[in-house]
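Quick note: the coordinates plus some simple rules give every number you see, no bench work behind them. Every value quoted in this text rests on a predicted model; they were computed, and no experiment measured them. Because the Cβ atoms are built from the backbone with ideal geometry, glycine has one as well, and the counts that use them run over all protein chains shown.
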Amino acid sequence: MSVSELDRYAAEFEAFHARFAHCFVRSEPRQAARQYLRGLLTSVKRKNCWQMAEATGASHPQGLQRLLFGALWDADQARDELEEYIVEVFGAANGIAILDETGFLKKGTQSVGVKRQYSGTAGKVENCQVGVFLVYRSQGGSVFLDRRLYLPEEWCADAGRRAQACVPAGVTFQTKPALGMAMLEQAWARGVPMEWVSGDEVYGDSSALRQRVAQAHKKYVLAVSSDTSVWRKQPCPTPDAVAWESVADVVAALPATAWQRLVVGEGEKGPRRYDWVALRVFEKHGPLPGPEGWLLARRSVSDPDELAYFLSNAPADTALQTLAEVAGARWSVETAIEEAKGEAGLDEYEVRYWHSWYRHITLSMMAHAWLATMRQAQGGKPTPAGTGRTERAGGTPAAGDRAAAATAQCRAGAAVVELAAGQAPTGTP
């Protein structure tokens, strides 16, 4: 988006910016956040502080750099405000919460959480950071609800590296499913409406996560590995009475007539057509049987050897089309990450510290939500032209005023803004 294009939405942008004014202690970081947001939304070649400052008319980048490092504001408070806004504009009772992660390729060893680890962005092991994200999908679009930086075990155990990267003392090692669960708990506590939870094998393979989603009275369709164990018949009186099988073996034994070809959404090259099958099974939770649920399988039309497997706790009368559509909705998280990287600078940051990472990522999530709001108001049309790159006001308004402003701005076709994250030491972001 060019500066002139952004200026055409100036009134809406400023109203959204005012919504987050209470996240800032002083006017300087409040205005720096406005400038940073505008920089993320403009089509500069590289969305670092230097180029964003130049694109937005600033003579130097110090204000933007200080915003990421030393200014007083709270990224989680801004995240909370963003979630409230998303509920108002995108919230739906049948919403889908989707867990996924993405890699941020890095050089060196000092950026917080960096190590040689698998990156879906690169499709291989690379030197990178990994962020875990919770995306909200409804008829209005797909937007980011929350984010967590994955901190590897060796980082958690290294006091020196933690101190250099300003990792808070209370941060302990958490697996990606645990980070995902924390974000879901946060969303539920704040009343984000959702019917379904989805995610890939990283999250579906965690029986603890599946159980917690069910305990929260939410339905899930979660991908699982091909060797995940299930029982086709209820294993009573003891689990050993009936042998468990892998989901791959169960599906392989089904007759060809069991499969149905369904369209589960639109892709870049047209309708997404796959063959689908579902049957009732009993999950395996550790050595013990879990509740009865669905085993869902997806098969490529062009390559029948390409299969994916899912488990779901949806009721027995749930239609195959519904299960397939929820499983297919997981693709929207990949699209959201691509959009955020291509249009809102999600991966274009140059920071080393824990709080600086959260500040940049939070701003980028807000910029992406602004674009999603515009798209929704334009009837689902593409967002204004951005980088074209594809990859994997002072005063605190009252809560009622903020809600009213959000509704009016959504009708006008507008945008979201602002940021956060606590006090920090001196030095580079």
Self-check item: Rounded to whole Hz, the Karplus (6.51, -1.76, 1.60) HN-Hα couplings of segment 149-157, x for glycine and proline
Solution: 8, 6, 10, x, 4, 5, 5, 4, 8
Practice problem: Alpha carbons only, please: Rg and Dmax for segment 201-329, in angstrom. | Solution: 14.6, 50
Self-check item: When each of K219/K284; K218/K284; K47/K115; K106/K269; K45/K107 is checked by Cα-Cα distance, pairs over 29 Å
Solution: K106/K269
Exercise. Just order 269-277, 18-26 by mean Cβ neighbour count inside 10 Å, highest at the front, would you?
Key: 18-26, 269-277
Quiz item: Let a ≥ b ≥ c be the square roots of the eigenvalues of the Cα gyration tensor of segment 50-134; is it rounded (a/c under 1.5), or, if not, prolate (a/b larger than b/c) or oblate?
Solution: oblate
Practice problem: Could you work out the relative contact order of segment 201-329, using alpha carbon pairs under 8 angstrom and six or more residues apart, expressed as a whole percent? | Solution: 26 percent
Quiz item: Could you give the length gained on full extension between A208 and A11, defined as 0.36 nm per residue of separation minus the Cα-Cα distance, in nm?
Solution: 66.3 nm
Quiz item: Order of 303-315, 161-173 by packing, highest average Cβ count within 10 Å first?
Solution: 303-315, 161-173
Quiz item: So how far apart, in nm, are the two label points at S300 and C156 if each is 7 Å from Cα heading toward Cβ?
Solution: 3.6 nm
Quiz prompt | aspartates and glutamates whose Cα lies under 15 Å from that of K341, excluding same-chain neighbours fewer than 8 positions away | solution = D100, E101, E350, E391
Exercise. Using just the alpha carbons, could you tell me how many Å³ per residue the convex hull of the chain encloses?
Key: 148 Å³
Exercise. Any aspartates and glutamates with Cα under 13 Å of the K233 Cα? List them, leaving off those in the same chain fewer than 8 positions away.
Key: E245, E283, E292
Quiz item: Around S119, which amide H atoms from residues at least 5 apart in sequence, or from another chain, sit under 5 Å from its own amide H, with H modelled in the peptide plane?
Solution: K124, V125, E126
Exercise. Just order 244-251, 72-79 by mean Cβ neighbour count inside 10 Å, highest at the front, would you?
Key: 72-79, 244-251
Self-check item: Rounded to the nearest 20 debye, dipole of the chain from Cβ charges on Lys, Arg, Asp, Glu
Solution: 600 debye
